[in-house]
Amino acid sequence: MSALMEVRVCAVRQLTPVVREFTFEAAEGQLPGFSSGSHVQVLMPLGERTLRNAYSLLGDPADSTRYRIAVRLQDASRGGSRYLHERVAVGDRLQLSRPHNLFPLHSQASHHVLVAGGIGITPFMAYIAELQARGASFELHYAFRGRLTDAYVDELAERLGDRLHAYDSSAGQRLDLAALLAGQPLGTHLYACGPQRLLDGLREQARALGWPDGRVHWEAFAAPEPGLAFRVELARSGQRIEVPADLSLLEALEAAGVEVPNLCRGGVCGQCATRYLAGAVEHRDHYLDEAQRADSLMPCVSRGGCASALLLDL
Amino acid sequence: MTASGTDTIFSKPRYRTAASPQPARRRLLVAQDAACAVPLLDHPAPALLLSLGGELAADIQQERFPSPAALYLRLQLLLEQAEVGTRLYVVGDETFVWHVYRLARHAGLLGDEIELIKSGARRRLYCVHCATFQDIGEEGEANCSGCGVRLLVREHFSQRLGAYMGVCLDPSRPYGEDRP
């Protein structure tokens with residue numbers, strides 16, 4: 001996470017009671033370009049600590065003069081979404097990471113099936129802009145709760161016509177995964193973003209119907225869950241750090257001035273994998289396999305036990 | 001089809017000896033010689049067998065073609081109509097299975113959806129000097145049918161070309177003997 005950049009909030013829109021959209025422009029110079037599916041980390045100063053949450057860029061990748069993100073207010077939030085919803089207004093300045101893409105369109109697909117659950121629509125807003133510009137074949141399946149998480153549904157209905165398949169759970173409409181996967185031509189790739197339950201269901205169903213993993217691309221909501229407080233010790237520097245219950249290990253390391261390379265901050269990309277030498281680990285990532293977990297952990301989501309200090313190879 | 005291990009070059013193809021039990025909605029079997037398709041009949045049986053001849057006493061739908069070109073055309077039409085969930089099993093010599101592989105990839109199948117079983121010694125050689133393809137057997141050296149250079153058959157295999165790379169064997173003889 002090298003260079004940070006400063007942006008100014010130039011527009012804020014409340015899209016639904018829980019979804020707020022923010023538009024940023026460069027405080028000086030130009031914003032870097034981005035590809036569809038990219039995200040940025042937004043730094044939020046909360047008291048003495050800084051939270052970093054990753055949000056998908058939902059604007060048209062052809063226009064990088066502005067970045068747009070949409071943030072869902074999370075009930076069990078550690079304060080990031082609440083901060084953006086309640087404290088950030090037009091004219092404010094924020095720090096962002098440069099864009100990274102862990103969820104790109106597949107270059108060889110001849111048909112794209114996009115499946116969004118709730119706020120998981122955000123990366124697909126950029127996808128759709130790009131796919132429409134290319135004249136590519138695609139369809140969007142968008143499951144949401146009406147008047148709560150249905151941000152962009154009206155805009156999408158207008159832009160996409162019958163390529164949009166909307167499922168409003170408040171009206172009892174359900175996304176039928178088996179039906180969606182049936183009858184897709186050979187060049188099809190599937191992309192999903194939404195709650196873990198949706199992603200798990202989709203992957204399981206896809207596998208059973210003979211879709212190899214290489215056709216199924218997904219992005220989970222990346223946010224560390226709180227846990228118990230624990231201690232870490234850094235083997236190389238001898239530094240000792242307390243990780244409080246509501247901070248991730250990665251955040252605690254950053255607060256102590258220890259930089260660990262990272263991208264998604266949600267246990268999926270593998271970028272922050274760090275070796276540990278001793279101690280109990282509660283692995284919460286979706287990346288490392290059992291063999292790797294024997295000596296590595298992902299500090300963005302995983303935590304140590306409270307009984308003894310965790311010794312990291314840092 | 002995985003390439004791993006430390007003793008051989010990464011790109012050298014490894015072939016299956018039997019079908020894997022991967023789930024699929026439709027299984028297509030393509031065989032140079034139908035008799036060689038026997039190991040692929042277990043695991044959920046394939047829906048259809050395309051072959052260039054040979055006998056296979058099995059209770060599946062079979063289509064036989066007089067030439068490779070006719071078989072390739074039929075397969076191409078089948079794949080154009082096919083849906084995701086289709087798995088393709090190919091049995092034959094390397095020249096044959098890689099031709100089918102490239103055709104299937106072009107039609108939209110992923111490498112993970114295609115299983116290759118080698119039967120027979122024929123393989124394709126690509127001369128890196130004059131870009132000529134020719135069929136060879138298991139020999140490790142060959143004369144290029146295009147430029148006449150004596151070629152060393154490298155283990156390096158190009159999936160894109162469906163061929164092994166042939167490079168000049170003797171740097172002191174960079175041209176073919178019978179070259180004018």
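Just a few scattered comments:
- Per-q log10 I(q)/I(0), the stretch B:26-118, q = 0.10, 0.17 Å⁻¹ (Debye; single scatterer per alpha-carbon; no solvent): -0.21, -0.63
- Per residue, the protein assembly as shown reaches -5000 deg cm²/dmol at 222 nm when only DSSP H runs of four or more residues are counted, each adding -39500 (n - 2.57).
- Alpha-carbon Rg with Dmax, taken over the stretch A:245-314, Å: 11.0, 30
- For the stretch A:236-314, trypsin sites (Lys or Arg not before Pro) are listed when DSSP marks them as loop and at most 14 other Cβ atoms sit within 10 Å of their Cβ; the list is A:236.
- Counting only protein heavy atoms and a 1.4 Å probe, the stretch A:1-157 has 42 square angstrom of accessible area per residue.
- Pairwise label distance in nanometres, residue B:121 with residue A:259, each label 7 Å out on the Cα-Cβ vector: 6.0 nm
- Net charge of the neighbourhood of residue A:102, taken over other residues with C-beta under 12 Å away and scored Lys/Arg +1, Asp/Glu -1, is 0.
- Computed lengthening from residue A:133 to residue A:176, 0.36 nm per intervening residue step minus Cα-Cα distance: 12.6 nm
- Accessible surface buried by the B/A pair amounts to about 1200 Å², both sides summed, 1.4 Å probe.
- Counting protein heavy atoms only, the stretch A:182-314 has 51 percent of its accessible area on carbon and sulfur, 1.4 angstrom probe.
- Listed residues B:149, A:210, A:132: farthest to the positive end of the dipole of the protein assembly as shown (Cβ charges): A:132
- Taking all Cα-Cα distances within the stretch A:4-101, those exceeding 15 Å account for 58%.
- Residue-level accessible surface for residue A:64, protein heavy atoms, 1.4 Å, Å²: 40 Å²
- Distance between the modelled labels on residue A:237 and residue B:112, one decimal in nanometres: 3.9 nm (7 Å Cα→Cβ projection).
- Backbone N atoms of the stretch A:96-125 closer than 20 Å to the 7 Å Cα→Cβ label point of residue A:64 belong to residues A:96-107, A:123-125.
- Loop-located GluC sites (Glu not before Pro) in the stretch A:189-266, at most 16 other Cβ atoms within 10 Å (DSSP): A:259
- Rounded to 10°, Cα long-axis angle of helix B:94-106 versus longest principal axis of chain B: 60 degrees
- Proximal charge balance of residue A:68 [Cβ under 14 Å; K/R count +1, D/E count -1]: -1
- R0 of 51 Å, Cβ-Cβ distance residue A:82-residue A:208: FRET efficiency to nearest 0.05: 0.80
- Residues of the stretch B:69-83 that bury at least 40 Å² of accessible area when the other protein chains are present, relative to the chain alone (probe 1.4 Å, heavy atoms, ligands and nucleic acids excluded): B:83.
- The long axis of helix B:68-81 is offset from the longest Cα principal axis of chain B by roughly 50 degrees.
- GluC sites (Glu not before Pro), loop per DSSP, at most 14 other Cβ atoms within 10 Å - longest free stretch of chain B: B:56-137
- Its residue count N sets the reference 2.2 N^0.38 Å, and the alpha-carbon radius of gyration of the stretch B:57-180 equals 1.27 times that reference.
- Formal net charge of residues neighbouring residue A:296 (Cβ-Cβ distance under 13 Å; K, R +1; D, E -1): -3
- Isolated Cys residues of the protein assembly as shown, judged by Cβ distance under 4.7 Å to other cysteines: A:10, A:193, A:272, A:300, A:306, B:36, B:168
- At 0.890 mPa s and 25 °C, Stokes D of the protein assembly as shown from Kirkwood alpha-carbon radius, µm² per second: 93 µm²/s
- Stretched out straight at 0.36 nm per residue, the stretch from residue A:196 to residue A:290 would grow longer than its current Cα-Cα span by 31.8 nm.
- Rounded Å value of the spacing that divides the Cα centres of the stretch A:300-314 and the stretch A:102-163: 39 Å
The values are calculated or read from the model by the stated rules, or taken from the named source; none is laboratory data. Here the structure is a predicted model, which is why all the values come from computation and not from measurement. All Cβ positions, even for glycine, are placed from backbone atoms using ideal geometry, and neighbour counts span all protein chains on display. Keep in mind that these areas ignore ligands, DNA and RNA; they rest on the heavy atoms of the full protein, side chains included. Shrake-Rupley method; radii C 1.70, N 1.55, O 1.52, S 1.80 Å.
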